[in-house]
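Undergrad: Can you keep this structure in mind? I'll have questions shortly.
A short reminder: the numbers here are calculations on the coordinates, not readings from a lab. Worth saying up front: this structure is predicted, and the values here are computed from it rather than measured. Heads up, the Cβs are rebuilt from the backbone with ideal geometry, glycines too, and the neighbour counts pull from every protein chain shown.
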Amino acid sequence: MTDHLRLGRHRFPADQTLMMAIVNRTPDSFYDQGATWAEDKAFDRVAAVVAEGAEIVDIGGIKAAPGVEIGEEEEKGRVVDFVARVRQAFPDLVISVDTWRAAVADAVCAAGADLINDAWGGADPELVDVAAAHDVAIVCTHTGGVTPRTRPFRIEYANVMASVIADTTAYAERALAAGVARESIVIDPAHDFGKNTFHSLEVTRRLPEMVATGWPVLVSLSNKDFVGESLDLPVGERLTGTLAATTLCAVAGARIYRVHEVTQTRHTVDMARVIVGEMSPRRAIRGLQ
């Protein structure tokens, strides 16, 4: 749709793939179990993923799964000052914040965030207005209308990818109408969110249909339950399955990858793109000298 992707103050060619590293400011995240709950630990995580080549960090103050209720002020306390600290230390880094609340988004954007990652499909309709007011980017996800921080139960779709495309593109158009720049809007099928394992697998198979909309696509596959259930593996043993799903998404044309493991995902995406001819090998001397 555009010749570049603009995430806040940062611009990237439209065909560049980007790694979005997950940084949890929570004591109860499903994957790291609070390893980056302490602010200095979270900051060390940011420094580590930047060194690994992540272009984006996604900072979250509430785990997605059901749990203890976290109000707006507590969520702000977990992320706002931390965003300001990261902004000062890493001026060239894209800072994303994973929140569905407009008030939190407003505060983190004022502190230096470039991207609002709304994992809950526009549950707060004012989020697009915040993105427009701060001239930042927004991720528009599909959740099937589920309430934030709830698990889907026997959710059904006549055509899951049709629902994904309809909802995310409608959200994108609503963001555009609110004043968010076209080059700053990203769509995300949101694997596992409002979906069972069969839905997430179908979305992965049919991702080319989503890419064909022209909006840049973000995928968040890392250690998700659809991978764990497919292979009957617990959290912590899902990397290989995650990377297999990542390969299919890379071939389909996904542009942003929200990940726990930056280096392994980068290698997977780049190898897939080399195979399909989107990239050239970085070195090719075999049989030539």
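Undergrad: If I filter region 274-284 for residues that are within 27 Å of A51 (Cα to Cα), of a type in the set (D, E, K, R), part of a helix (DSSP H, G or I) and in contact (Cβ under 8 Å) with a residue 60 or more places away in the chain, do I get at least one hit?
TA: So far as region 274-284 goes, no, none of its residues is within 27 Å of A51 (Cα to Cα), of a type in the set (D, E, K, R), part of a helix (DSSP H, G or I) and in contact (Cβ under 8 Å) with a residue 60 or more places away in the chain.
Undergrad: Which one is surrounded by the fewest Cβ atoms within 10 Å (Cβ to Cβ) among residues in region 172-186 that are small (G, A, S), in a helix (DSSP H, G or I) and without any contact (Cβ under 8 Å) to a residue 60 or more places away in the chain?
TA: A177
Undergrad: Six or more apart or on different chains, Cβ under 7 Å: which pairs go from a residue in region 77-90 that's without any contact (Cβ under 8 Å) to a residue 60 or more places away in the chain and on the phi > 0 side of the Ramachandran plot to one that's part of a helix (DSSP H, G or I) and surrounded by fewer than 16 Cβ atoms within 10 Å (Cβ to Cβ)? Could you list them?
TA: So the pair list comes out empty.
Undergrad: Turning to a different aspect of this structure: Please go through region 12-25 and pick out each residue that is without any contact (Cβ under 8 Å) to a residue 40 or more places away in the chain and either within 10 Å of the chain's Cα centre (by Cα) or closer than 30 Å to G67 by Cβ (or both).
TA: Of everything in region 12-25, those that are without any contact (Cβ under 8 Å) to a residue 40 or more places away in the chain and either within 10 Å of the chain's Cα centre (by Cα) or closer than 30 Å to G67 by Cβ (or both) turn out to be V23, N24.
Undergrad: State which residue is nearest to A177 (Cα to Cα) when the search covers only region 118-165 and only residues that are part of a loop (DSSP other than H, G, I, E, B) and hydrophobic (A, V, I, L, M, F, W, C).
TA: V136
Undergrad: Take region 48-74 and flag every residue that is in a helix (DSSP H, G or I) and over 19 Å from the mean Cα position of the chain (by Cα).
TA: Passing the criteria: A51, E72, E73, E74.
Undergrad: Turning to a different aspect of this structure: Please find, within region 240-288, the residue that is surrounded by the fewest Cβ atoms within 10 Å (Cβ to Cβ) out of those that are out of contact with any Asp or Glu (no Cβ under 9 Å at 6 or more places or on another chain) and of a type in the set (S, T, Y).
TA: Looking at the filtered set, the residue picked out is S280.
Undergrad: Which residues, taken from region 1-59, are among the aromatic types (F, W, Y) and touching a Ser or Thr at 6+ places or on another chain (Cβ under 8 Å)?
TA: Y31, W37
Residues are listed down the side, and each one gets a yes or a no for (1) farther than 18 Å from D15 by Cα; (2) in a loop (DSSP other than H, G, I, E, B); (3) touching a residue at least 12 places away in the same chain (Cβ under 8 Å); (4) β-branched (V, I, T):
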{"position": "F198", "(1), (2), (3), (4)": "yes, no, no, no"}
{"position": "E209", "(1), (2), (3), (4)": "no, no, yes, no"}
{"position": "G214", "(1), (2), (3), (4)": "no, yes, yes, no"}
{"position": "G236", "(1), (2), (3), (4)": "yes, yes, yes, no"}
{"position": "G241", "(1), (2), (3), (4)": "yes, no, yes, no"}
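Undergrad: Can we say G228 is over 16 Å from the mean Cα position of the chain (by Cα) and within 25 Å of G34 (Cβ to Cβ)?
TA: It is true that G228 is over 16 Å from the mean Cα position of the chain (by Cα) and within 25 Å of G34 (Cβ to Cβ).
Undergrad: In region 51-60, is there at least one residue being touching a strand residue (DSSP E or B) at 6+ places or on another chain (Cβ under 9 Å), more than 23 Å from H134 (Cβ to Cβ) and surrounded by fewer than 14 Cβ atoms within 10 Å (Cβ to Cβ)?
TA: Looking for residues that are touching a strand residue (DSSP E or B) at 6+ places or on another chain (Cβ under 9 Å), more than 23 Å from H134 (Cβ to Cβ) and surrounded by fewer than 14 Cβ atoms within 10 Å (Cβ to Cβ), one finds at least one in region 51-60, hence yes.
Undergrad: Considering only residues that are under 26 Å from L7 (Cα atoms) and loosely packed, with under 14 Cβ neighbours inside 10 Å, look in region 26-43 and name the one that is nearest to the chain's Cα centre (by Cα).
TA: Ranking the candidates gives E39 first.
Undergrad: Looking only at region 243-265, count how many residues are in contact with a strand residue (DSSP E or B) (Cβ under 6 Å, 6 or more places away or on another chain), within 21 Å of A48 (Cα to Cα) and part of a helix (DSSP H, G or I).
TA: 2
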